Amino acid sequence: MSGAPSKILSHVNAILLAAVYFAAAAAALHLTQGASGIAAIWPASGIMLAGLLLLDKRAHFTLYASVFVASMAANLSIGSTLWLATAFSVANLVEASVAHHLIGRFSKPDKSIASPYNLTIGALTAVAAAIVSASVAALLSGLVSAEFIISWATTVFFGMATIAPPILFIAKDWSRLQPAEKAAILPHFVAIAALSSVAFWQSDVPLLWLPMAALGYSTYRLGLTGSALGLLTIAATGSFHSAAGFGVMNASETTITSTMLLQVYLLGLLLSTLPIASLLERHDANVLALDAARNLAEDRAIEARRLAETDALTGIANRGKVMGDLTKLLTEARKHGSPLTIMMIDVDHFKAINDSFGHAAGDKALMTIAAIGDQLAGERGCFGRIGGEEFLMVLPNKNAASTITIAERFQGTVHGYDWKGMGLDQITLSIGVAGRSMGQDEKSLLSAADQALYEAKSDGRNRTRQAA
């Protein structure tokens, strides 16, 4: 049943991603329309590729269908013909499919996203997808010209190269962020956008170093997420100012050259950030590995301690554990002046059980008795095997009378147990009870309980005796 909600969520995420695709595509087309409605900046290609890499395969068809609708709507919203919108939308789906297939075929999942190998594969993939996409768009639309193909291919390539990696960085790094770091994302976004606007808005003063400085600080404070956030913010801000027709990115006389100037600047930012991103990712991986090793060591230490304190046969506390608990609880009882009683339990004629039925049967009998005693001791009491067929139960905050009641219940349960069903004769217990007295230590308390047990066995066994 748990798979159904997960599958539904994958499809919902695909539809939401298509909505983001539409917003990015529509904004790009409305802000900067090149020849025949080609956007100067096309971030949607990077969004689509990141979606294919992040979403479950079950949602890929939903993503393709939703993005096709989104692309059609974005192109029609700027007045493109139905045929032109269809041609461009098909080309967009083809580029995403080619890029996703090549990355799946040649990338190495065992390496980090920001590893030189995977980044090289991603860049070559973007080149191949851009060329194929431009060819498909030109052939389907009939706009076969060098200017069209170059404009289309470069916008697709730079869209994938500059938009997809930051999205993947954020998706990978998000779970690592602390609440305070997540709260700092919005102020960082506002600051980067403001500094980028100052740099891109005018061309009189060379301030392109401002976005780079903001990107470096954001990376320092927020790691991979800060780096990705900075790149996306600078890309959006630069695209807006370039589309508005002013600023340093519009120094060139042609739209294509101005667009490429912005794209190369963004690519330069990405390339300058990738070594830091790779180091941060490696650092995070090392931290996770250290945490995993520490957790494993702690788990093994806990398990080793549990095994050291557990009787191998019965699974209850062994002699060292129950004696240690007795010392601790007796100290607390003295400190608070509270009662504490113990009972020494011995299985009657246990040697005869082993002699008559074998040691395996005797072991089963001890395991059964141990389970009954452990349940009677409860969460506050302690029960353990102190050797052979002898057990010790420590009951804090219990007086002798209530302890005798528990002892008699223990005897009655064991006496009435279906031992014949296990192929054994009836089994009984002898129990000696001793309560804490003023100034008594664990040695004298154990001696008193042991003497009471001796009296119970001397009086005929299958009975409880209380120390004087």
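Computed from the coordinates by the stated procedures, all read-outs in this text should not be read as laboratory data. Remember, predicted model here, so these are calculated numbers, not experimental data. No Cβ is skipped: glycine too gets one built from the backbone with ideal geometry, and neighbour counts run over all protein chains shown.
Computed values, structure above
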{"item": "Residue (of Gly315, Val264, Asn354) at the positive-pole extreme of the chain, dipole from beta-carbon charges", "result": "Asn354"}
{"item": "Partners for Lys182 among lysines (Cα-Cα distance below 27 Å; same-chain residues under 8 apart left out)", "result": "Lys111, Lys172"}
{"item": "Contour minus Cα-Cα distance for Ser437 and Ala401 (0.36 nm per residue)", "result": "11.5 nm"}
{"item": "Partner aspartates and glutamates for Lys328 [C-alpha distance under 17 Å; skip if fewer than 8 residues away on the same chain]", "result": "Glu309, Glu379, Asp441, Glu442"}
{"item": "Inverse of mean 1/r across different Cα pairs in the chain, Kirkwood, Å", "result": "28.3 Å"}
{"item": "Cα-projected label distance for Ser135 with Leu296, points at 7 Å along beta-carbon direction, nm", "result": "4.8 nm"}
{"item": "Projected area, mean over directions - the range 385-455, Cα convex hull, nm²", "result": "5.6 nm²"}
{"item": "Dipole in debye (nearest 20) - the chain, about Cα centre, beta carbon charges: Lys, Arg +1; Asp, Glu -1", "result": "240 debye"}
{"item": "Shape box of the range 109-238 [Cα atoms, principal axes, largest first, Å]", "result": "52, 48, 22"}
{"item": "Under the span-like rule (Cα at least 27 Å along the axis, Kyte-Doolittle mean at least 0.0), DSSP H helices of the chain", "result": "3-31, 82-106, 116-141, 146-173, 209-244, 255-308"}
{"item": "R0 of 30 Å, Cβ-Cβ distance Trp83-Trp201: FRET efficiency to nearest 0.05", "result": "0.20"}
{"item": "Gain upon complete extension [Met422, Ala146; 0.36 nm per residue less C-alpha separation]", "result": "90.3 nm"}
{"item": "Gyration tensor over alpha-carbon atoms, the range 345-468, equivalent ellipsoid semi-axes in Å", "result": "25, 15, 13"}
{"item": "Estimated [θ] at 222 nm from DSSP helical runs (n ≥ 4, -39500 (n - 2.57)) normalised by residues in the chain, nearest 500", "result": "-24500 deg cm²/dmol"}
{"item": "Reciprocal mean inverse distance between Cα atoms of the range 183-227 - Kirkwood radius, Å", "result": "10.7 Å"}
{"item": "Within straight-line cross-link reach of Lys364, lysines at Cα separation under 24 Å, skipping those fewer than 8 residues along the same chain", "result": "Lys321, Lys351, Lys420, Lys457"}
{"item": "Residues of the range 339-363 with amide N under 16 Å of the 7 Å Cα→Cβ point at Arg319", "result": "344-347"}
{"item": "Whole-number percent relative contact order across the range 318-468, with pairs defined as alpha carbons under 8 Å at least 6 apart", "result": "29 percent"}
{"item": "Computed FRET value (nearest 0.05) for Arg105 with Lys57, which takes r as the C-beta separation and R₀ as 22 Å", "result": "0.90"}
{"item": "FRET efficiency, Ser175 to Thr413 (Cβ-Cβ, R0 60 Å, nearest 0.05)", "result": "0.75"}
